[in-house]
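Enquirer: Can you keep this structure in mind? I'll have questions shortly.
The values are calculated or read from the model by the stated rules, or taken from the named source; none is laboratory data. Every value quoted in this text rests on a predicted model; they were computed, and no experiment measured them. Here Cβ is always computed from backbone atoms with ideal geometry, including for glycine, and neighbour counts include all displayed protein chains. Keep in mind that these areas ignore ligands, DNA and RNA; they rest on the heavy atoms of the full protein, side chains included. Shrake-Rupley method; radii C 1.70, N 1.55, O 1.52, S 1.80 Å.
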Amino acid sequence: RANMTLLEKIVYVADFISADRKYEDVADEYVGFVEILNYSYSDTVEEGCIISQTVEAGTTVSTYEPFLVTVSKGVGVKIPELTNMPVATAKQTVENLGLTVSLEYAYSDSVAKDNIINASSYHVDEGANVTLIVSMGPDLRVLVPSVTTLTESAATSALKNAGFKVTV
């Protein structure tokens, strides 16, 4: 670039993705060039090592164009697949991993009452609280139209139109 300042440096970006290359080492070597984008769990990359980088290896960058990396949080605690599992079993499974459990409830047309809704396998920090969504079964609540100010005929019609069987 024609207008590059004397303070600006350009570096060649290496491949930092490694199961044993620590972020701190890369950051010390590339001061002003590398920043953490986020942290992520990994079954294969040791905690503190780089999982991915936003700039391809072999590219050059300047100090004003830092590249971002994702740093491993390590394995953490792996929560197994819990979807459709009975709530008592799922709760015990999570507690056996040394985690605490909170329960929330939601209606579901596809998951039986008292089973877990959509809890795919994922990782969490040790000692974390895990919120499980428990099915209340299908939503069988119905909206009853207000008929208190209607005539008997109009009220009967409104209730029938809403799907109710009416006997007067």
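Enquirer: Within the range 10-33, track down each residue that is open to solvent by less than 40 Å² (accessible area, probe 1.4 Å) and either part of a loop (DSSP other than H, G, I, E, B) or without any contact (Cβ under 8 Å) to a residue 12 or more places away in the chain (or both).
Expert: V13, A14, F16, S18, A27, Y30, F33, listed by residue number.
Enquirer: Anything in the range 113-168 that is open to solvent by less than 50 Å² (accessible area, probe 1.4 Å), closer than 30 Å to N96 by Cβ and of a type in the set (A, V, I, L, M, F, W, C)? List them, or say none.
Expert: Answer for the range 113-168, where residues must be open to solvent by less than 50 Å² (accessible area, probe 1.4 Å), closer than 30 Å to N96 by Cβ and of a type in the set (A, V, I, L, M, F, W, C): I116, I117, A119, V124, A128, V130, L132, V134.
Enquirer: Further, regarding this structure: If a residue has to be farther than 22 Å from D109 by Cβ and of a type in the set (V, I, T) to count, how many in the range 125-168 make the cut?
Expert: Residues that pass the stated criteria total 9.
Enquirer: Kindly state which strands (runs of 3 or more DSSP E) lie completely within the range 39-108 and contain at least 1 residues that are in contact with a Leu (Cβ under 9 Å, 6 or more places away or on another chain), open to solvent by less than 70 Å² (accessible area, probe 1.4 Å) and in contact (Cβ under 8 Å) with a residue 24 or more places away in the chain.
Expert: In the range 39-108, the matching strands (runs of 3 or more DSSP E) lie at 50-53, 67-72, 77-79, 100-106.
Enquirer: Being under 30 Å from G76 (Cβ atoms), modelled with pLDDT of 90 or more and among the hydroxyl-bearing types (S, T, Y) narrows it down to one of S120, S146, S102, so name that one.
Expert: Only one candidate passes the filter, namely S102.
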